[in-house]
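Trainee: Could you have a look at this structure, given as C-alpha cells, before my questions?
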Amino acid sequence: MTQSFPAKPKAAPNEGTRHQRLMELIEAEDAANGEVGCGRALGNSISGSFSTRDMALEDEKLKRFLQAHLGHSLRAPDFDAIATQIQRQLESLVMPTSSQSLGSEPPPASTNVTAHVPTEALKELFQSQLAEFCSEAALKQLIQFSHQIIHKAVLRPRHTWASPIWVLRSETQIYIAQAAGIEEAIAKVKTQHPQETGRLEVITVGGILAPDQVISLATNLL
Amino acid sequence: MNRTIQLLQVQDQQVIDAILTEVTDKHLEDASTLWEPILEGSGQDDEYWYWVGKSRRSKLLLGDELYAIECEGITQGLMMVDVLKKRCLIESQLRRRLVYISALATAPWNRPIITKPPTDKGVGGKLVDFAVARSYALGYQGSIGLHALTGALGFYRKLRLGLLDCGPDPEAPDHLVYFETLRMDDL
C-alpha cells in the first residue's frame with residue numbers, strides 16, 4: 001500500500017515507545033507554535049429552555065423517520081448528513097452562541113421549506129423524545145431548523161455530489177485525483193503514472209463536507 | 001479513572017508524570033480562577049470559552065464527557081468529547097461512530113504565544129491520544145473527529161494519527177477545518 005497513515009494503536013507501549021510518542025507529540029506541538037486547540041464555539045450559558053437532565057435525540061429513530069418521508073428522493077448518506085446537522089442544531093440550542101446560525105444563507109422567504117416533511121410529524125418525533133427536557137419554543141426552533149436542513153438536502157442530495165478530490169504527494173510530485181475513496185485515488189495515480197512507485201501521502205481532500213468545494217493549499221506544500 | 005501520563009517540563013527538559021482523569025470541580029475552578037484571568041485580552045481563540053458552562057452542557061446532553069490533565073495539583077489541559085452523537089463524515093466510512101473532540105485547550109502557561117518558555121509540553125497531544133484510546137475502548141476502532149482552531153492546523157496535520165484534513169466545514173462557525181481519522185484497513 002502506498003500511503004502514510006500509521007493510525008494503528010501501539011500495543012502495550014513500554015517506556016521507550018511512550019517516550020518516542022511524547023517526542024512525536026511535542027514535535028507536532030512545536031509545528032504549530034504550541035497551539036493545539038480545537039472545538040466549535042459554543043455559548044457560555046445554558047438556554048433557559050432546557051431542563052438539567054440527560055437529553056438525546058435518537059439517531060436511528062430520526063433516520064427511520066427521514067427514510068419514511070424522503071426515501072423516494074434521498075438516500076442513506078443524505079439521511080446521515082441531515083441527522084448530523086439536526087443533532088448539531090440541538091446542541092446549539094442548548095448553549096446558544098451570540099451569532100447562532102445554520103452556517104449558511106437561509107432560503108428566500110418565498111421558498112416553502114416545509115413542503116418535504118409534514119410539520120406535525122416532525123413535531124411528534126421530537127416531542128416524543130425531547131418534550132420533557134425542553135420548552136415548546138425550543139422545539140419550535142428545532143423544527144424550523146430541521147425544515148431548512150431538509151430543504152437544503154433535497155435541493156442538493158449528498159448522493160448526487162461529485163466524487164471527492166484527493167490531493168496526494170509523493171517524494172517529487174503532487175497528484176490530484178477525483179475518486180470516491182482514497183484507495184481508488186491511489187489506484188488512479190498508479191494506473192496513469194506507472195513510473196510512480198514510491199509512497200503517496202494524502203495531503204487533503206475536497207468535496208466531503210460540501211459539493212463544489214475549493215481546495216486551498218499552502219504554497220510551501222508545492 | 002486515573003491514568004498516569006508523561007509530559008515534558010520545558011525549564012529543565014525533564015519528562016515528568018501527570019494524571020489524566022475525569023473532570024472534577026477543582027479542574028473547573030482552576031479554569032475559572034487561573035486560566036481565565038490570563039486568557040482575558042489575549043486574543044486567543046478560547047479566550048471566551050467557559051469550561052464551567054461546557055461541564056453543565058455535558059450533563060444535559062447524553063454522550064458528552066470531560067477530561068483533564070493535572071500535574072502538581074494544577075490543571076494543565078481540558079478536553080470535552082462526544083462519544084455518542086457524532087458520526088464519520090468521510091464518504092468511505094460514513095455513518096460509523098467516532099469520538100468527536102468538542103473542545104480541547106491547554107493551560108495558558110503551556111502556550112509559547114502567552115508564556116515563553118511554556119511550562120509543560122505534550123498536554124494537547126496526550127489528550128488527543130486519549131480520545132483515540134477512548135474510541136478503541138468504545139469499539140469505534142480509534143476513529144476521532146474534530147474542528148481545529150486556525151492556529152492549530154499544523155499540530156493536527158503532524159500528529160501521526162491518520163487524521164485527514166477535510167478542509168473548511170461550511171456548516172461550522174468560522175468555517176473551521178474538519179479533521180477525521182481516515183481508516184485504511186477497511187478499504
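Trainee: Restricting attention to the stretch B:54-76, does a residue exist that is within 25 Å of A:Asp80 (Cβ to Cβ) and small (Gly, Ala, Ser)?
Mentor: Yes, some residue in the stretch B:54-76 is within 25 Å of A:Asp80 (Cβ to Cβ) and small (Gly, Ala, Ser).
Yes/no matrix, rows are residues, columns are (1) over 18 Å from the mean Cα position of the chain (by Cα); (2) facing chain A (nearest Cβ under 10 Å); (3) over 30 Å from A:Gln89 (Cα atoms):
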residue: B:Arg57; (1), (2), (3): no, yes, no
residue: B:Leu60; (1), (2), (3): yes, yes, no
residue: B:Gly63; (1), (2), (3): no, yes, no
residue: B:Val83; (1), (2), (3): no, no, no
residue: B:Ile90; (1), (2), (3): yes, yes, no
residue: B:Gln93; (1), (2), (3): yes, yes, no
residue: B:Ser102; (1), (2), (3): no, yes, no
residue: B:Arg111; (1), (2), (3): no, yes, yes
residue: B:Lys121; (1), (2), (3): no, yes, yes
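Trainee: Looking at the stretch A:191-222 only, could you name the residues that are assigned to a helix (DSSP H, G or I) and either among the hydrophobic types (A, V, I, L, M, F, W, C) or surrounded by 16 or more Cβ atoms within 10 Å (Cβ to Cβ) (or both)?
Mentor: A:Leu221 - this is the single residue of the stretch A:191-222 that is assigned to a helix (DSSP H, G or I) and either among the hydrophobic types (A, V, I, L, M, F, W, C) or surrounded by 16 or more Cβ atoms within 10 Å (Cβ to Cβ) (or both).
Trainee: Yes or no: B:Leu104 assigned to a strand (DSSP E or B), of a type outside the set (D, E, K, R), at pLDDT 95 or above and farther than 24 Å from B:Val10 by Cα?
Mentor: no
Trainee: Out of (1) surrounded by 12 or more Cβ atoms within 10 Å (Cβ to Cβ); (2) part of a helix (DSSP H, G or I), what's the single condition that is false for A:Ser128?
Mentor: For A:Ser128, the failing item is (1).
Trainee: With the condition kept exactly as written, say whether any residue in the stretch B:145-163 is among the charged types (D, E, K, R), within 21 Å of A:Gln213 (Cβ to Cβ) and modelled with pLDDT under 95.
Mentor: yes
Trainee: Follow-up. For the stretch B:141-152, which residues satisfy the criterion of being within 7 Å of chain A (Cβ to nearest Cβ) and either within 18 Å of A:Val167 (Cα to Cα) or in a strand (DSSP E or B) (or both)?
Mentor: B:Leu146, B:His147, B:Ala148 - these are the residues of the stretch B:141-152 that are within 7 Å of chain A (Cβ to nearest Cβ) and either within 18 Å of A:Val167 (Cα to Cα) or in a strand (DSSP E or B) (or both).
The values are calculated or read from the model by the stated rules, or taken from the named source; none is laboratory data. Here the structure is a predicted model, which is why all the values come from computation and not from measurement. Every residue, glycine as well, gets a Cβ built from its backbone with ideal geometry; the counts of neighbours run over all protein chains shown.
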